[in-house]
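Bear in mind that the values in this text are calculations on the coordinates, not laboratory data. Values in this document were obtained by computation on a predicted structure and should not be read as measured data. As a convention, Cβ positions derive from the backbone with ideal geometry for all residues, glycine included, and neighbour counts pool all protein chains shown.
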Amino acid sequence: MVTVGILALQGAIREHARSLEASGAEVKIVKRVEDLNDIDALVVPGGESTTMRRLIDKYEMFGPLQEFAKSGKPVFGTCAGLILMAKDIIGQDVGHLEVMDIKVHRNGFGRQRESFEIPLDVKGLEGDPYIGVFIRAPYIESVSPDTEVLATFQDKIVAARQGRFLCCAFHPELTDDHRMHGYFVKMVEETKNELHNVSK
Ligand code: GLN
């Protein structure tokens, strides 16, 4: 079984835990640097990216989180978590963790559309459309050639994957459909096997 950490500085932690467990992962709450040990992957939840960044700095987790991402273990950023992962944020000189080659538009759907739900066709998810719950969501304006676009809404990119990094602009933890978490857990299992084979 894989163990997935959830960065628990802000956001819907319990809901992410429920969805990860339903997808067959063990969950570890990550509140400080030591908690990053012994996890196979990390979820960076939604919330408010500038507040989360402040908390990351306050708990001296910035460097360790970047190291974790560089170690090859998978990271899944949702909504504000996606913003934290982006190398490029429109209107800002620098990003935050800067691990994914994506250019992000914060609050990109405008104020009129604070929150909404829409059915999405997400590449890699079988069956019915996936209902995306968007709350003051960002969108991805562009991605690098090695980043795969997994879903769009009105020509805006709302989910993407670059190798072991996954992100979505919506809140997959706020529905009973656990397929996005299932997709991530599968990525984690595959990566764990690969890393294990390399170290043998
Ligand atoms: N608008 C928020 C931000 O800029 C993200 C919203 C969310 O995570 N639901 O960080």
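Only four residue types carry charge here, +1 at the Cβ of Lys and Arg and -1 at the Cβ of Asp and Glu. Report the dipole size of the chain about the Cα centre in Debye, rounded to the nearest 20. Before the final figure, lay out each step's value.
Values: 24 positive and 30 negative charges, 80 e Å.
The calculated dipole for the chain is roughly 380 debye.
Please go through the residue pairs K31/K156; K31/K87; K87/K123 and name each one whose alpha carbons sit more than 27 Å apart in this structure. Don't jump to the answer; show the numbers that get you there.
Working: K31/K156 33 Å; K31/K87 24 Å; K87/K123 23 Å.
Checking Cα-Cα distances, K31/K156 exceed 27 Å.
Give the average over all directions of the projected area of the C-alpha convex hull of segment 92-200, one decimal, in nm².
On the way: hull surface 32.8 nm².
Averaged projected hull area, Cα only: 8.2 nm².
Hey, could you pull the Cα Rg and Dmax for the chain, both in Å?
Rg, Dmax (Cα atoms, Å): 15.5, 54.
Over its Cα atoms, what ratio of radius of gyration to 2.2 N^0.38 Å does segment 36-111 give?
On the way: Rg = 12.2 Å, N = 76, 2.2 N^0.38 = 11.4 Å.
Here the answer is 1.07, to two decimals.
Nearest 500 deg cm²/dmol is fine: what mean residue ellipticity at 222 nm does the chain get from its DSSP H runs of n ≥ 4 alone, each adding -39,500 (n - 2.57), divided by its residue count? Intermediate values should be presented prior to the final figure.
Working: 5 runs with 56 residues, N = 200.
Counting only the DSSP helices, I get -8500 deg cm²/dmol.
Which of the listed residues, H196, Y183, V27, is farthest toward the dipole's positive end in the chain, when Lys, Arg count +1 and Asp, Glu count -1 at the beta-carbon?
Toward the positive end, the furthest listed residue is V27.
Towards the positive end of the charge dipole of the chain, with charges on Cβ (+1 Lys, Arg; -1 Asp, Glu), say which of Q162, T78, T50 has the farthest Cα.
The one lying farthest along the dipole's positive direction is T50.
P(r) for segment 19-66, please, calculated from all Cα pair distances in 5 Å bins and given in %.
5, 18, 28, 24, 15, 9, 1
Which whole-Hz ³J(HN,Hα) couplings does segment 160-166 yield from phi under the Karplus relation 6.51 cos²θ - 1.76 cosθ + 1.60, θ = phi - 60°, glycine and proline marked x?
Going residue by residue, I get 7, 9, 10, x, 8, 10, 10 Hz, with x marking Gly and Pro.
Mind listing the long-range amide H neighbours of G163? Cut-off is under 5 Å, sequence gap 5 or more, other chains count too, H placed in the peptide plane at 1.01 Å from N.
Correct list: E148.
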